[in-house]
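Have a look at the structure below before the remarks.
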Amino acid sequence: MVKPKKDTLDFKNYLYLLSIDVDAKLVLNNLKNTIVIIIGCGGIGNFLSYSLATFTPEKMILIDGDKIENSNLNRQLLFTTKDIGYSKADILTKQIQLRNPLLDVTSYDRYVTEDLLEKSIKLTDNKRYLVILSGDSITALEETTKYCVKNKIPFLNVGYLNDISVIGPFYVPRISSCPYCNNTLSLEKHEKDSMQNELLNINNKYEAPSSFTNNALASSLAMSDIIQFEAEKLDKVKSLNKRFGIDNVTFKNYTLEVPKDKDCSFCSEENK
(Lines give C-alpha, C1' and ligand atoms only; values in the text may rest on other atoms or scores of the structure.)
Protein backbone atom coordinates (compact mmCIF):
# COMPACT_ATOMS: atom_id res chain seq x y z
CA MET A 1 0.00 0.00 0.00
CA VAL A 2 1.38 3.39 -1.02
CA LYS A 3 1.71 5.83 1.86
CA PRO A 4 -0.27 9.01 1.11
CA LYS A 5 1.77 12.15 0.47
CA LYS A 6 1.95 14.58 3.34
CA ASP A 7 0.58 17.79 1.83
CA THR A 8 2.41 20.44 3.84
CA LEU A 9 4.52 23.35 2.66
CA ASP A 10 7.79 21.93 3.97
CA PHE A 11 7.15 18.25 3.10
CA LYS A 12 9.34 18.29 -0.03
CA ASN A 13 11.94 20.38 1.80
CA TYR A 14 12.13 17.62 4.40
CA LEU A 15 12.65 14.95 1.72
CA TYR A 16 15.33 17.05 0.06
CA LEU A 17 17.17 17.55 3.34
CA LEU A 18 17.12 13.81 3.93
CA SER A 19 18.57 13.24 0.47
CA ILE A 20 21.63 15.44 1.11
CA ASP A 21 22.58 13.73 4.36
CA VAL A 22 21.83 16.45 6.89
CA ASP A 23 19.71 16.26 10.02
CA ALA A 24 16.43 17.34 8.42
CA LYS A 25 14.62 17.88 11.71
CA LEU A 26 17.46 20.02 13.03
CA VAL A 27 17.50 22.24 9.92
CA LEU A 28 13.72 22.68 9.93
CA ASN A 29 13.70 23.44 13.65
CA ASN A 30 16.60 25.91 13.43
CA LEU A 31 15.00 27.79 10.53
CA LYS A 32 11.61 27.87 12.26
CA ASN A 33 13.34 29.57 15.18
CA THR A 34 15.33 32.04 13.07
CA ILE A 35 14.56 35.67 12.26
CA VAL A 36 15.69 36.08 8.64
CA ILE A 37 16.59 39.55 7.35
CA ILE A 38 16.88 39.91 3.57
CA ILE A 39 18.50 43.12 2.36
CA GLY A 40 17.78 43.70 -1.32
CA CYS A 41 14.48 42.49 -2.76
CA GLY A 42 15.47 42.22 -6.44
CA GLY A 43 16.27 39.05 -8.34
CA ILE A 44 18.26 37.32 -5.62
CA GLY A 45 15.94 38.67 -2.91
CA ASN A 46 12.95 37.23 -4.81
CA PHE A 47 14.51 33.76 -5.04
CA LEU A 48 15.83 33.59 -1.47
CA SER A 49 12.74 35.02 0.22
CA TYR A 50 10.60 32.58 -1.77
CA SER A 51 12.78 29.63 -0.79
CA LEU A 52 13.26 30.52 2.87
CA ALA A 53 9.56 31.37 3.31
CA THR A 54 8.71 27.72 2.62
CA PHE A 55 10.57 26.80 5.83
CA THR A 56 8.35 29.25 7.80
CA PRO A 57 11.05 31.01 9.81
CA GLU A 58 9.97 32.75 13.00
CA LYS A 59 9.97 36.09 11.18
CA MET A 60 11.18 37.56 7.90
CA ILE A 61 12.23 41.18 7.44
CA LEU A 62 12.57 42.54 3.89
CA ILE A 63 14.53 45.74 3.22
CA ASP A 64 14.83 47.62 -0.09
CA GLY A 65 14.29 51.24 -1.12
CA ASP A 66 13.86 50.44 -4.84
CA LYS A 67 10.66 50.56 -6.89
CA ILE A 68 9.72 47.87 -9.40
CA GLU A 69 10.59 48.61 -13.04
CA ASN A 70 9.72 46.84 -16.27
CA SER A 71 13.38 45.79 -16.73
CA ASN A 72 13.21 43.89 -13.43
CA LEU A 73 10.70 41.39 -14.75
CA ASN A 74 13.27 39.27 -16.62
CA ARG A 75 14.32 37.72 -13.29
CA GLN A 76 12.30 39.07 -10.36
CA LEU A 77 9.70 36.34 -10.66
CA LEU A 78 7.33 37.41 -7.88
CA PHE A 79 6.56 40.75 -9.55
CA THR A 80 4.20 41.51 -12.48
CA THR A 81 3.54 44.48 -14.75
CA LYS A 82 0.77 45.57 -12.34
CA ASP A 83 3.45 46.09 -9.68
CA ILE A 84 5.59 48.55 -11.67
CA GLY A 85 6.22 51.70 -9.66
CA TYR A 86 5.49 50.09 -6.30
CA SER A 87 7.93 49.22 -3.52
CA LYS A 88 9.88 46.00 -4.08
CA ALA A 89 9.91 45.22 -0.36
CA ASP A 90 6.16 45.81 0.05
CA ILE A 91 5.10 43.78 -3.01
CA LEU A 92 7.48 40.96 -2.15
CA THR A 93 5.97 40.83 1.34
CA LYS A 94 2.46 40.44 -0.11
CA GLN A 95 3.56 37.75 -2.56
CA ILE A 96 5.36 35.74 0.12
CA GLN A 97 2.36 35.90 2.44
CA LEU A 98 0.05 34.72 -0.36
CA ARG A 99 2.19 31.59 -0.56
CA ASN A 100 2.57 31.14 3.18
CA PRO A 101 -0.12 32.91 5.25
CA LEU A 102 1.49 31.59 8.45
CA LEU A 103 4.67 33.59 7.85
CA ASP A 104 5.26 36.78 9.82
CA VAL A 105 6.79 39.29 7.36
CA THR A 106 7.68 42.96 7.80
CA SER A 107 8.91 45.21 4.98
CA TYR A 108 10.89 48.45 4.94
CA ASP A 109 10.73 50.60 1.82
CA ARG A 110 14.12 52.11 2.57
CA TYR A 111 17.75 51.53 1.68
CA VAL A 112 19.64 49.72 4.39
CA THR A 113 21.63 51.61 7.00
CA GLU A 114 23.07 50.49 10.30
CA ASP A 115 20.53 52.75 12.02
CA LEU A 116 17.60 51.13 10.17
CA LEU A 117 18.81 47.67 11.19
CA GLU A 118 19.12 48.81 14.80
CA LYS A 119 15.54 50.08 14.78
CA SER A 120 13.91 47.26 12.82
CA ILE A 121 15.48 44.27 14.58
CA LYS A 122 14.62 43.85 18.25
CA LEU A 123 17.57 41.82 19.43
CA THR A 124 17.15 39.35 22.26
CA ASP A 125 19.71 36.89 23.60
CA ASN A 126 17.61 33.77 23.05
CA LYS A 127 16.82 34.39 19.37
CA ARG A 128 18.55 33.12 16.23
CA TYR A 129 19.22 35.64 13.44
CA LEU A 130 20.45 35.37 9.87
CA VAL A 131 21.10 38.30 7.53
CA ILE A 132 21.32 37.89 3.76
CA LEU A 133 22.65 40.79 1.72
CA SER A 134 21.86 40.80 -1.99
CA GLY A 135 22.19 44.52 -2.60
CA ASP A 136 24.72 45.77 -5.16
CA SER A 137 25.85 48.78 -3.14
CA ILE A 138 29.19 49.24 -1.37
CA THR A 139 27.36 51.36 1.21
CA ALA A 140 24.88 48.52 1.87
CA LEU A 141 27.75 46.08 2.39
CA GLU A 142 29.54 48.44 4.77
CA GLU A 143 26.43 49.23 6.82
CA THR A 144 25.39 45.57 7.01
CA THR A 145 28.87 44.43 8.01
CA LYS A 146 29.06 47.05 10.77
CA TYR A 147 25.72 46.00 12.21
CA CYS A 148 26.26 42.25 12.01
CA VAL A 149 29.77 42.34 13.44
CA LYS A 150 28.76 44.63 16.29
CA ASN A 151 25.76 42.45 17.18
CA LYS A 152 27.41 39.11 16.40
CA ILE A 153 24.85 38.10 13.77
CA PRO A 154 25.73 35.63 10.98
CA PHE A 155 25.35 37.02 7.48
CA LEU A 156 25.94 35.97 3.90
CA ASN A 157 26.74 38.22 0.96
CA VAL A 158 25.20 36.98 -2.33
CA GLY A 159 25.65 38.39 -5.83
CA TYR A 160 27.31 38.02 -9.20
CA LEU A 161 30.18 39.40 -11.24
CA ASN A 162 28.74 39.54 -14.76
CA ASP A 163 28.31 35.85 -15.65
CA ILE A 164 29.86 34.46 -12.46
CA SER A 165 27.44 33.81 -9.59
CA VAL A 166 29.17 34.51 -6.28
CA ILE A 167 28.53 34.03 -2.57
CA GLY A 168 30.54 34.79 0.54
CA PRO A 169 32.34 35.16 2.69
CA PHE A 170 29.76 33.71 5.08
CA TYR A 171 30.39 35.65 8.27
CA VAL A 172 29.94 33.57 11.42
CA PRO A 173 30.78 35.59 14.56
CA ARG A 174 34.12 34.70 16.18
CA ILE A 175 34.63 31.88 13.66
CA SER A 176 35.00 33.20 10.11
CA SER A 177 36.04 36.26 8.16
CA CYS A 178 33.87 39.23 7.25
CA PRO A 179 33.93 40.86 3.78
CA TYR A 180 36.44 43.44 4.96
CA CYS A 181 39.06 41.02 6.24
CA ASN A 182 42.45 41.57 4.51
CA ASN A 183 40.67 44.01 2.17
CA THR A 184 40.27 41.00 -0.14
CA LEU A 185 37.39 42.66 -1.96
CA SER A 186 39.25 45.97 -2.35
CA LEU A 187 36.70 47.80 -0.25
CA GLU A 188 38.98 50.39 1.33
CA LYS A 189 38.09 53.95 0.49
CA HIS A 190 40.58 55.85 -1.60
CA GLU A 191 42.70 58.40 0.21
CA LYS A 192 41.78 61.18 -2.20
CA ASP A 193 38.14 62.31 -2.10
CA SER A 194 38.26 63.31 -5.77
CA MET A 195 39.23 59.77 -6.81
CA GLN A 196 36.61 58.28 -4.50
CA ASN A 197 33.91 60.50 -6.04
CA GLU A 198 35.01 59.51 -9.54
CA LEU A 199 34.77 55.82 -8.67
CA LEU A 200 31.29 56.36 -7.23
CA ASN A 201 30.20 58.16 -10.41
CA ILE A 202 31.42 55.25 -12.55
CA ASN A 203 29.67 52.71 -10.33
CA ASN A 204 26.42 54.70 -10.39
CA LYS A 205 26.38 54.66 -14.21
CA TYR A 206 27.10 50.95 -14.44
CA GLU A 207 24.22 48.67 -15.42
CA ALA A 208 24.73 45.10 -14.20
CA PRO A 209 23.95 42.30 -16.70
CA SER A 210 21.36 40.84 -14.37
CA SER A 211 19.50 37.79 -15.63
CA PHE A 212 17.50 34.81 -14.43
CA THR A 213 20.61 32.65 -14.80
CA ASN A 214 23.13 34.52 -12.67
CA ASN A 215 20.52 35.45 -10.06
CA ALA A 216 19.04 31.95 -9.76
CA LEU A 217 22.43 30.24 -9.59
CA ALA A 218 23.75 32.64 -6.93
CA SER A 219 20.57 32.09 -4.91
CA SER A 220 20.90 28.31 -5.19
CA LEU A 221 24.51 28.46 -4.01
CA ALA A 222 23.40 30.60 -1.08
CA MET A 223 20.59 28.20 -0.11
CA SER A 224 23.03 25.29 -0.18
CA ASP A 225 25.33 27.01 2.29
CA ILE A 226 22.46 28.28 4.43
CA ILE A 227 21.18 24.71 4.79
CA GLN A 228 24.63 23.46 5.85
CA PHE A 229 24.91 26.35 8.30
CA GLU A 230 21.50 25.55 9.81
CA ALA A 231 22.50 21.87 9.91
CA GLU A 232 25.44 23.06 12.07
CA LYS A 233 27.93 21.57 9.61
CA LEU A 234 30.32 24.48 9.22
CA ASP A 235 32.89 22.25 7.54
CA LYS A 236 30.39 21.86 4.66
CA VAL A 237 29.80 25.62 4.18
CA LYS A 238 31.64 26.37 0.93
CA SER A 239 31.79 30.14 1.46
CA LEU A 240 33.25 30.09 4.97
CA ASN A 241 36.41 32.24 4.80
CA LYS A 242 35.97 32.30 1.03
CA ARG A 243 34.29 33.97 -1.91
CA PHE A 244 32.93 31.09 -3.97
CA GLY A 245 31.66 31.45 -7.53
CA ILE A 246 30.51 29.47 -10.55
CA ASP A 247 30.84 30.57 -14.16
CA ASN A 248 27.36 30.45 -15.73
CA VAL A 249 28.74 29.32 -19.10
CA THR A 250 31.56 26.88 -18.33
CA PHE A 251 30.47 25.80 -14.81
CA LYS A 252 34.05 26.43 -13.72
CA ASN A 253 34.42 26.98 -9.97
CA TYR A 254 36.29 29.96 -8.55
CA THR A 255 37.48 30.32 -4.97
CA LEU A 256 38.98 33.44 -3.45
CA GLU A 257 40.39 32.78 -0.01
CA VAL A 258 39.36 35.36 2.61
CA PRO A 259 41.19 34.36 5.81
CA LYS A 260 40.10 35.90 9.09
CA ASP A 261 42.13 39.04 9.68
CA LYS A 262 43.28 39.85 13.22
CA ASP A 263 43.74 43.48 12.17
CA CYS A 264 40.42 43.86 10.32
CA SER A 265 38.91 47.32 10.88
CA PHE A 266 35.47 45.72 11.26
CA CYS A 267 35.76 42.38 13.07
CA SER A 268 39.19 42.43 14.77
CA GLU A 269 37.57 43.16 18.15
CA GLU A 270 36.42 39.54 18.18
CA ASN A 271 40.06 38.48 18.48
CA LYS A 272 40.67 40.41 21.70
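The values are calculated or read from the model by the stated rules, or taken from the named source; none is laboratory data. These figures come from a predicted structure and were not determined experimentally. Glycine gets a Cβ as well: all are built from the backbone with ideal geometry, and neighbour counts include every protein chain shown. Areas reflect the complete protein model, heavy atoms only, side chains present, ligands, DNA and RNA absent. Shrake-Rupley method; radii C 1.70, N 1.55, O 1.52, S 1.80 Å.
Observations, loosely collected:
- The residues in region 99-149 that are out of contact with any Phe, Trp or Tyr (no Cβ under 9 Å at 6 or more places or on another chain), without any contact (Cβ under 8 Å) to a residue 40 or more places away in the chain and closer than 19 Å to Val172 by Cβ can be counted, and the count is 2.
Residue-wise test of (1) in contact with a helix residue (DSSP H, G or I) (Cβ under 6 Å, 6 or more places away or on another chain); (2) within 26 Å of Thr113 (Cβ to Cβ); (3) modelled with pLDDT under 95.
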{"site": "Leu9", "(1), (2), (3)": "no, no, yes"}
{"site": "Tyr16", "(1), (2), (3)": "no, no, no"}
{"site": "Lys25", "(1), (2), (3)": "no, no, no"}
{"site": "Val36", "(1), (2), (3)": "yes, yes, no"}
{"site": "Gly45", "(1), (2), (3)": "no, yes, no"}
{"site": "Phe55", "(1), (2), (3)": "yes, no, no"}
{"site": "Gly65", "(1), (2), (3)": "no, yes, no"}
{"site": "Asn70", "(1), (2), (3)": "no, no, no"}
{"site": "Gln76", "(1), (2), (3)": "yes, yes, no"}
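- Among the residues of region 97-123, those identified as β-branched (Val, Ile, Thr) and in a strand (DSSP E or B) are Val105, Thr106.
- Taken over region 87-98, the criterion of being touching a residue at least 12 places away in the same chain (Cβ under 8 Å), out of contact with any Leu (no Cβ under 7 Å at 6 or more places or on another chain) and of a type in the set (A, V, I, L, M, F, W, C) is satisfied by Ile91 alone.
- Tallying residues that are free of Cβ contacts under 8 Å to residues at least 40 places away in the same chain and either out of contact with any strand residue (DSSP E or B) (no Cβ under 8 Å at 6 or more places or on another chain) or of a type outside the set (D, E, K, R) (or both) within region 238-268 yields 7.
- Of the residues Asp193, Asp163, Asp136, the single one that is touching a helix residue (DSSP H, G or I) at 6+ places or on another chain (Cβ under 7 Å), more than 21 Å from Asn30 (Cα to Cα) and modelled with pLDDT under 95 is Asp163.
- Restricting the search to helices (runs of 4 or more DSSP H) fully inside region 1-82 and requiring at least 3 residues that are farther than 25 Å from Lys233 by Cβ and not acidic (Asp, Glu) gives 43-53.
- Residue within region 63-80 that is of a type outside the set (A, V, I, L, M, F, W, C) and farther than 25 Å from Asn214 by Cα present: no
- Within region 164-183, the set of residues being open to solvent by 10 Å² or more (accessible area, probe 1.4 Å), closer than 13 Å to Pro259 by Cβ, of a type outside the set (Phe, Trp, Tyr) and in contact (Cβ under 8 Å) with a residue 12 or more places away in the chain comprises Ile175, Asn182.
- Among the residues of region 140-163, those identified as open to solvent by 10 Å² or more (accessible area, probe 1.4 Å) and either farther than 24 Å from Lys260 by Cβ or aromatic (Phe, Trp, Tyr) (or both) are Tyr160, Asn162, Asp163.
- Sole exception among (1) under 25 Å from Gln228 (Cβ atoms); (2) in contact with a helix residue (DSSP H, G or I) (Cβ under 9 Å, 6 or more places away or on another chain); (3) of a type outside the set (Gly, Ala, Ser) for Ile91, by number: (1)
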